[in-house]
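Student: Handing you this structure, nothing more for now.
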Amino acid sequence: MLKRLLSAGAAALAALGAACEDGPATLAGTWRSPAAWSSMIYATSAGPMLVEVHGDPFGLDAAGFRAAVAQAMTNQIIGRPTAFTADPQQAPQPRFRVALAFDPPADADARQLCQGPIATAAARQERVTVLGAFCDGATLLASVRGWVAKVEGPDDRRFLQLIGQLTRELFGNPP
């Protein structure tokens with residue numbers, strides 16, 4: 001009986017591990033400014049926060065993809081109703097922004113995103129990778145990396161999970 005139970009447990013763990021291979025997965029950057037949370041509160045107190053999106057892993061209409069990403073980020077921060085926009089005119093504090101690069105080079109650094117656009121892959125990759133930065137002007141406040149495989153588009157449930165997870169990881173929890 002114990003042997004059968006252990007075998008079933010091992011099979012369940014193997015299935016779970018196989019499912020994780022496709023993500024979504026995120027990893028916070030190695031440093032987060034102590035001012036990240038309060039800066040997010042300030043930046044969103046009078047309206048949505050700006051999101052700059054570089055690259056498009058699905059080859060869609062660029063404006064539509066940026067809007068879809070901003071919508072997917074909206075209200076993903078636990079304990080804080082928060083809106084995001086890809087339109088700089090709608091952001092009351094555009095100095096504070098989230099910059100996302102889809103399918104960036106492996107050696108890309110989040111600090112680069114705060115200083116301007118970085119190169120992204122032109123052709124669709126096997127998995128979607130993303131590098132995110134929360135910026136105050138050219139200064140990095142927090143960063144995150146993430147990926148997901150086998151997604152069809154920006155409305156795919158697993159892509160939406162990646163964006164939500166990435167948003168929560170970028171800002172962390174309230175102090």
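Student: In percent, what relative contact order does the chain have, based on Cα pairs under 8 Å that are 6 or more apart in sequence?
Tutor: Across the chain, relative contact order equals 29 percent.
Student: So what does Leu140 come to for accessible area, using a 1.4 Å probe and Å² rounded to 10?
Tutor: Roughly 20 Å² of Leu140 is accessible to a 1.4 Å probe.
Student: Please list, in chain and number order, the residues 5+ apart from Met49 or on another chain whose amide H is under 5 Å from its amide H, with Hs placed from the backbone.
Tutor: Ala83, Phe84, Thr85
Student: For the chain, give the percent of accessible area contributed by carbon and sulfur heavy atoms, probe 1.4 Å, rounded to a whole number.
Tutor: Working: 5200 of 9300 Å².
Here carbon and sulfur together make up 56 percent of the probe-accessible area.
Student: Would you calculate a helix-derived [θ] at 222 nm for the chain, using -39,500 (n - 2.57) for each DSSP H run of n ≥ 4 and dividing by the full residue count, to the nearest 500?
Tutor: That comes out to -11000 deg cm²/dmol.
Student: Follow-up. Apply 1/(1 + (r/R0)^6) to the Cβ-Cβ distance of Ala119 and Ala62, taking R0 = 22 Å, and write down the FRET efficiency to the nearest 0.05.
Tutor: It comes out at approximately 0.90.
Student: For Rg and Dmax of the Cα atoms in Å, the choices are [x] 17.6, 65; [y] 19.2, 68; [z] 18.2, 72; which was calculated from the structure?
Tutor: Matching the structure shown: [x].
Student: Right, another one. Once label points are set 7 Å from the Cα along Cα→Cβ at both Ser45 and Arg111, what is their separation, rounded to one decimal in nm?
Tutor: Placing both labels 7 Å along Cα→Cβ, they lie 3.0 nm apart.
Student: What distance in nm separates the two pseudo spin-label positions at Thr30 and Asp155, each 7 Å out from Cα along the beta-carbon direction?
Tutor: Between Thr30 and Asp155, the label points sit 4.1 nm apart.
Student: In whole Hz, what ³J(HN,Hα) sequence does the range 38-52 give by Karplus (6.51, -1.76, 1.60; θ = phi - 60°), x for Gly and Pro?
Tutor: With coefficients 6.51, -1.76 and 1.60, one gets 5, 5, 5, 4, 4, 5, 9, 5, 10, x, x, 8, 6, 10, 9 Hz.
The values are calculated or read from the model by the stated rules, or taken from the named source; none is laboratory data. Everything quoted here is computed from the prediction, not taken from an experiment. Virtual Cβ from ideal backbone geometry, glycine too; neighbours counted across all protein chains shown. Remember, those area values only see protein heavy atoms, side chains included, never the ligands or the DNA or RNA. Shrake-Rupley method; radii C 1.70, N 1.55, O 1.52, S 1.80 Å.
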